[in-house]
Amino acid sequence: MTTVSQYHQRTKHRFNRYAKGPETLDWDDQPDPFRRFEGCEIVSLPSPGEDLSVSWRQLDRPRQIQTQALSLDTLGLFLELSFGLSAWKQYGPDRWALRNNPSSGNLHPTEAYLINNVSALMPQGVYHYASYHHHLERRAAFSAAEVNDSLLIGLTSIAWREAWKYGERAYRYCQLDIGHALAAMRYAAAALGWRLQLLTVYNDQEIAALLGVDRVDEFVDGERETPDLLCRIDYKNADEFSTSIEREREILLETLQQADWYGKARSLGAYHMYRWSLIEEVEKAAEKRDHQLIGVSEAGQAVIESAGQANVSSIIRQRRSAQHFNQHAEAMPTSNFYRMLSMLMAENNPLLDVWPWRPATHLALFVHNVEGLSPGLYCLPRSQAALLTLRQQFSDQFEWRSVDQFPSLYALHDADLKQIAKALSCHQAIAANGAFSLGMLTEFKDNVEQSDWHYRRLFWECGYLGQILYLEAEALGYRGTGIGCFFDDEVHSLLGFSDDELQSLYHFTVGEALLDSRIQTFPAYGHL
Ligand SMILES: Cc1cc2nc3c(=O)[nH]c(=O)nc-3n(C[C@H](O)[C@H](O)[C@H](O)COP(=O)(O)O)c2cc1C
């Protein structure tokens, strides 16, 4: 078995045994969720919180959204809507920040960096985005021989932040968070009339070198960052770049070798009670080593149009995870249910264009309370090609009745699955009390056999779909919650899987949220 497969098997939660994690947690000694570099020049960004006059429904036709000129204002807005704070919460003596991008356990392993080669914007260089201060820390200064107009954004993960609480399974959550962050960037870019391209041509070693996270002496041992992905921000929305992606890669790799680097990462503070060597092993094994250049996907077209009048910026800032659902809520209208499902399909969601690979994630849905649909188990293949595989893998007890109003959805089995969904999601009531919950089934075996790094890509895809659900639910007046805690093989055996052809990597739930009035809310950037 490969290291990646071993990792995957070993980090499954089981009814009788959770994946290995810390035995005790000292909540007063949590790793700092805000990375800071000391000794860097700071570039202030204009005050956060500005609203854009783009409504949610306009996202159905992103090419028609007016393109905002690139400036520190618009760049700041892009960063804020992707990774900035959304609120502070307080319960008794505990106070914590929430962000526009969600994160498993609110631990936020994801860090964001810009590589700026637009000299009119700010001095060329590599910048770390510090979301607490909403400013940029200039990690590197360079002057490219060939100045071009490119602006890249890169993401990395600090696995320790997540492993502090979740132990060995944490690596999975870091990858899911990357998927959420990628989608968060895509939606933020769309609100500004920009696009985003995932640059598959870089391997991890190159991304690490460009972002400076391979400069191990500048990070505390055990708190280093691993590279995840790099995107080009298409702020002209026109594909009009003076330099090709390959040429730009050559320029940047050469230029960054001569760059002057500044600053050191401040310690995240917490005492390292455990060292999760399995995570270090899987990080190494799942490194991306290829340089395959894949272009942007063709943009989809919404088939069920949004009626959402609210600002995109306000939807993004108000997005929250539901902690409780109203189990007595009225049934969700099918139009809302189908709108959400349709936006998960590449051919229907223009903002899935940043995902360059074919869909490899499909849904098993536990429908609890949707108008006109019998409660029960449903399946949504996200590609026609996958239907056959799914039918072969699922138990042959299921019916596979195509749903009239939404033919790509299949009804498999009518039943009240609330208690089963709850039990499978680590006994969390949120999986039972909403309108529906679901498991994301990935084409696991083929992808991971092709390349170990595809393991990460499958999680990213799930995270991306999760972020779409969060935002679409919010825009429709509902609320979602990502569910990373579920009993893997118990889900698989319910569906009838006999091998690892398909594996569930993420769960999600949507419904009418109940608010906890004991928790107080404060403005995101009141501290500035
Ligand atoms: C990958 C991932 C897994 C999550 N798993 C769970 C879960 O199992 N149970 C839960 O109640 N919340 C879960 N959440 C929700 C997070 O706890 C939540 O995003 C975080 O506390 C930040 O709050 P916010 O989403 O309201 O900003 C998950 C979120 C993500 C992104």
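Of 297, 307, 279, which is farthest on the positive side of the dipole of the stretch 261-308, counting Cα position, with +1 on Lys and Arg Cβ, -1 on Asp and Glu Cβ, and the Cα centre as origin?
About the Cα centre, the residue reaching furthest to the positive side is 279.
Name the long-range amide H neighbours of residue 45: under 5 Å, sequence gap of 5 or more, or other chain; modelled H, no Pro or chain starts.
136
At most 16 other Cβ atoms within 10 Å and a DSSP loop assignment: could you name the GluC sites (Glu not before Pro) in the stretch 1-101 that fit?
Of the GluC sites (Glu not before Pro), the ones in loops of the stretch 1-101 whose Cβ has at most 16 other Cβ atoms within 10 Å are 23, 50.
Suppose we look only past 16 Å in the calculated P(r) of the stretch 338-413. What percent of the Cα-Cα pairs does that tail hold?
50 percent
Considering every pair of different Cα atoms, what Kirkwood radius, in Å, is found for the stretch 178-221?
12.6 Å
Have a look at 331, 450, 194 and report the one farthest towards the positive end of the charge dipole of the chain, computed about the Cα centre with Cβ charges (Lys/Arg +1, Asp/Glu -1).
331
Quick one: work out the % antiparallel among DSSP beta bridges in the chain, nearest 5.
95 percent
At a probe size of 1.4 Å, how large is the accessible area of residue 345, to the nearest 10 Å²?
10 Å²
What number comes out for accessible area per residue over the chain if the probe is 1.4 Å? Units Å², please.
Heavy-atom accessible area per residue stands at 39 Å².
Which value, in debye to the nearest 20, gives the size of the charge dipole of the chain about its Cα centre, when Lys and Arg are +1 and Asp and Glu are -1 at the Cβ?
900 debye
Given 5 Å bins starting at zero, what is the percent of C-alpha pairs of the stretch 232-347 in each, up to the one with the largest pair distance?
Reading upward from the zero bin: 2, 6, 7, 9, 12, 12, 13, 14, 13, 8, 2, 1, 0.
Sort out for me the Cα centre separation of the stretch 423-469 from the stretch 197-266, rounded to whole Å.
28 Å
Using the reciprocal of the averaged 1/r over all distinct C-alpha pairs, how large is the Kirkwood radius of the stretch 117-160 in Å?
11.9 Å
Kindly list the residues of the stretch 330-355 that lie in the label zone of residue 384, defined by a backbone N under 15 Å from the point 7 Å along the Cα-to-C-beta vector.
346-348
Just how large is the dipole of the stretch 160-218 about the Cα centre, in debye to the nearest 20, putting +1 at every Lys and Arg Cβ and -1 at every Asp and Glu Cβ?
380 debye
Roughly how many Å² of residue 488 are accessible to a 1.4 Å probe, to the nearest 10?
Rounded to the nearest 10, the figure is 0 Å².
Divide by every residue of the chain the summed helix terms, -39500 (n - 2.57) for each DSSP H run of at least 4, and state the resulting mean residue ellipticity at 222 nm, rounded to the nearest 500 deg cm²/dmol.
-8500 deg cm²/dmol
By the scheme Lys and Arg +1, Asp and Glu -1, what is the net charge of all other residues having a beta-carbon under 11 Å from that of residue 485?
+1
Please state, as a whole number in µm²/s, the translational diffusion coefficient that the Stokes-Einstein equation yields for the stretch 141-189 at 4 °C and 1.567 mPa s, with Rh defined as the Kirkwood radius across alpha carbon pairs.
Result for D is 98 µm²/s.
Give the relative contact order (percent, whole number) for the chain; include only Cα pairs under 8 Å separated by 6+ residues.
19 percent
So what does the Cα-only Debye profile of the stretch 374-473 read at q = 0.16, 0.21 Å⁻¹, as log10 I(q)/I(0), no solvent term?
So the normalised log intensities are -0.88, -1.36.
Let me know the volume per residue of the alpha-carbon convex hull for the chain, in Å³.
Expressed per residue, the convex hull around the Cα atoms of the chain is 138 Å³.
Give, in nm to one decimal, the length gained when the segment between residue 42 and residue 289 is fully stretched (0.36 nm per residue of separation minus the Cα-Cα distance).
Full extension of this stretch gives 85.6 nm more.
Out of the total accessible area of the chain (probe 1.4 Å, heavy atoms of protein only), what percent is carbon and sulfur?
Carbon and sulfur atoms account for 46 percent of the accessible area of the chain.
Which whole-Hz couplings ³J(HN,Hα) result when phi for each residue of the stretch 400-411 is put into the Karplus expression 6.51 cos²θ - 1.76 cosθ + 1.60, θ = phi - 60°, listed in order with x for Gly and Pro?
6, 8, 5, 7, 3, 6, 8, x, 7, 9, 10, 8
Please give me the summed charge of the neighbours of residue 373: other residues whose Cβ is under 11 Å from its Cβ, Lys and Arg +1, Asp and Glu -1.
-3
Within a Cβ distance under 12 Å of residue 456, other residues only, what is the Lys/Arg minus Asp/Glu net charge?
Residues close to residue 456 contribute a combined charge of -4.
Considering the dipole of the chain built from charges on the beta carbon (Lys and Arg +1, Asp and Glu -1) around the Cα centre, which of 318, 160, 203 is farthest to its positive end?
In the chain, that residue is 318.
Cα convex hull of the stretch 66-208: mean projected area in nm², to one decimal?
Averaged projected hull area, Cα only: 9.9 nm².
For 63, 161, 266, what's the largest-to-smallest order of accessible area, 1.4 Å probe?
63, 266, 161
Looking at the stretch 233-277, which GluC sites (Glu not before Pro) are in a loop (DSSP not H, G, I, E or B) and have at most 15 other Cβ atoms within 10 Å?
Hits after loop and neighbour filter: 240.
Run the dipole for the stretch 228-309 about the Cα centre, Lys and Arg Cβ at +1, Asp and Glu Cβ at -1, nothing else charged, and hand back the magnitude in debye, nearest 20.
Once rounded to the nearest 20, the dipole reads 460 debye.
In nm, to one decimal, how far is the modelled label at residue 323 from the one at residue 23, with both set 7 Å along Cα→Cβ?
Using points 7 Å along Cα→Cβ, the separation is 2.9 nm.
The values are calculated or read from the model by the stated rules, or taken from the named source; none is laboratory data. Every value quoted in this text rests on a predicted model; they were computed, and no experiment measured them. Because the Cβ atoms are built from the backbone with ideal geometry, glycine has one as well, and the counts that use them run over all protein chains shown. Surface areas here come from the heavy atoms of the whole protein model, side chains and all, with no ligands, DNA or RNA. Shrake-Rupley method; radii C 1.70, N 1.55, O 1.52, S 1.80 Å.
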